[in-house]
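Participant: I am attaching a structure below and will ask some questions about it afterwards.
The values are calculated or read from the model by the stated rules, or taken from the named source; none is laboratory data. Computed from a predicted model, the values in this text were never measured in an experiment. In this analysis, Cβ positions are derived from the backbone assuming ideal geometry, glycine residues included, and neighbour counts consider all displayed protein chains. Heavy atoms of the whole protein, side chains included, go into the accessibility calculation; ligands, DNA and RNA do not. Shrake-Rupley method; radii C 1.70, N 1.55, O 1.52, S 1.80 Å.
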Amino acid sequence: MNNWNTTENYGRIARWLHWGTALLFLLAYCAVYYRHWFTEKKTAENLVALDLHLSAGISVGIIVILRIIWRMMNEQPVLEAGPRWQYLLAHFAHYVLYAIMVLMPLTGYLGTGKATDFFFMFEIPKFEDTWLFNAFVWEFLGLTFKEFEAPIDFFHKEIMGAWLVWILILGHVGAALYHHYKLKDRTLIKMLKGDKS
Ligand code: HEM
Ligand code: HEM
């Protein structure tokens, strides 16, 4: 089985990176909503759910770097689009999804006043405890952590997390299912099975 993409198929590595990211998104969402809806503040469960959210989110941030490098090293399968506007929209949507995969982990990390217990294995220091915070935010911008994190937190939770990311991912999944069941083309197959089909 081919590890590399071809003009017809996503290779094994691109597929693993794609579905790995999708699972981590699911974990990040389940953990944070479980925390909100089913746990009492400051209980052990509440903290475990938060650490799972932070760990899954940081993993997305690491994987997206690998994904961008891998994408640049590979050709891209031709998009199964009809008119030119559909082709451009599909391309644009993929770039927007990359933007989400970068912005969500970044804003999450910069705006969190807690270290991450990374999948309960080791600790990743919070941004406030890094030299970059001291040099850039505290000394250069002259802001406290509270002043710095407020707008970033608002963007992460209220604008992106609660609304935009949902809409964009559901739109992406909807488009994949529409291609598969209605147009009956190879869009989903090439991301699921690659050259086995
Ligand atoms: C794939 C990446 C991520 C996604 C999709 C995501 C999504 C979300 C969502 C949906 C919320 C809840 C919004 C609401 O209140 O309705 C949230 C809250 C939060 N996120 Fe993220 N996030 C990601 C990464 C991160 C990372 C990397 C960190 C920190 C290292 C982080 C820290 C937080 C914190 C502290 C909260 C508030 C938790 C709470 O109120 O219970 N997030 N995020
Ligand atoms: C159940 C969830 C998902 C399904 C069914 C799905 C399906 C697909 C399919 C069928 C393609 C191939 C599109 C084509 O080449 O025409 C694709 C590509 C892509 N998907 Fe998803 N996807 C899902 C979740 C996600 C998530 C959560 C993200 C990131 C936030 C994402 C980001 C991307 C990107 C960036 C591409 C372009 C190819 C690449 O560079 O890897 N997908 N997806």
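Participant: Collect residues whose amide H, placed 1.01 Å from N in the peptide plane, falls under 5 Å from the amide H of THR116; neighbours closer than 5 in sequence don't count.
Facilitator: Residues meeting the amide H criterion: ILE124, LYS126.
Participant: For LYS190, list the lysines whose Cα falls under 18 Å from its own Cα; do not include residues on the same chain fewer than 8 positions away.
Facilitator: Partners within reach: LYS182.
Participant: So, taking all protein chains as they sit and a 1.4 Å probe, how much accessible area belongs to THR43, in Å² rounded to tens?
Facilitator: The accessible area of THR43 comes to roughly 50 Å².
Participant: Let me ask something else. May I ask you to rank TRP70, TRP163, TRP16 by accessible area, largest first, using a 1.4 Å probe over the protein chains only?
Facilitator: TRP16, TRP163, TRP70
Participant: Measuring from label point to label point, each 7 Å out along Cα→Cβ, what is the TYR181 to GLU80 span in nm?
Facilitator: Going by the 7 Å Cα→Cβ label model, 1.5 nm.
Participant: Moving on to the next point. With no solvent and one point on each alpha carbon, what is the Debye value of log10 I(q)/I(0) for region 73-124 at q = 0.13 Å⁻¹?
Facilitator: Scattering profile of region 73-124, log10 relative to I(0): -0.56.
Participant: Each label point is 7 Å from the Cα along the Cα-to-Cβ direction; what then is the distance between the points at PHE136 and MET72, in nm?
Facilitator: Modelled inter-label distance: 1.9 nm.
Participant: Taking 0.36 nm per residue of separation and subtracting the Cα-Cα distance, what length does fully extending TRP4 through TYR95 add?
Facilitator: 30.7 nm
Participant: Can you give the calculated 222 nm mean residue ellipticity of the chain, where each DSSP H run of n ≥ 4 adds -39,500 (n - 2.57) and the sum is split over every residue, rounded to the nearest 500 deg cm²/dmol?
Facilitator: Helix-only estimate at 222 nm: -19500 deg cm²/dmol.
Participant: Run the paramagnetic zone check for ILE65: 7 angstrom along Cα to Cβ, then residues of region 106-122 with backbone nitrogen under 14 Å.
Facilitator: The answer is 106.
Participant: Once label points are set 7 Å from the Cα along Cα→Cβ at both ILE169 and CYS30, what is their separation, rounded to one decimal in nm?
Facilitator: Rounded to a tenth, the inter-label distance reads 1.2 nm.
Participant: Enumerate the aspartates and glutamates that LYS157 could reach by cross-link, defined here as Cα to Cα under 12 Å, with residues fewer than 8 away along the same chain left out.
Facilitator: Result set, ordered by chain and number: GLU149.
Participant: How much length, in nm to one decimal, is gained on full extension between GLU158 and LEU47, taken as 0.36 nm per residue of separation minus their Cα-Cα distance?
Facilitator: Difference between extended and current length: 37.9 nm.
Participant: Once the Cα gyration tensor of the chain is diagonalised, what are the square roots of 5 times its eigenvalues, in whole Å and ordered largest first, as equivalent ellipsoid semi-axes?
Facilitator: Details: eigenvalues 241, 69, 58 Å².
Here the semi-axes work out to 35, 19, 17 Å.
Participant: How many Å² of accessible area per residue for the chain, probe 1.4 Å?
Facilitator: Per-residue value: 63 Å².
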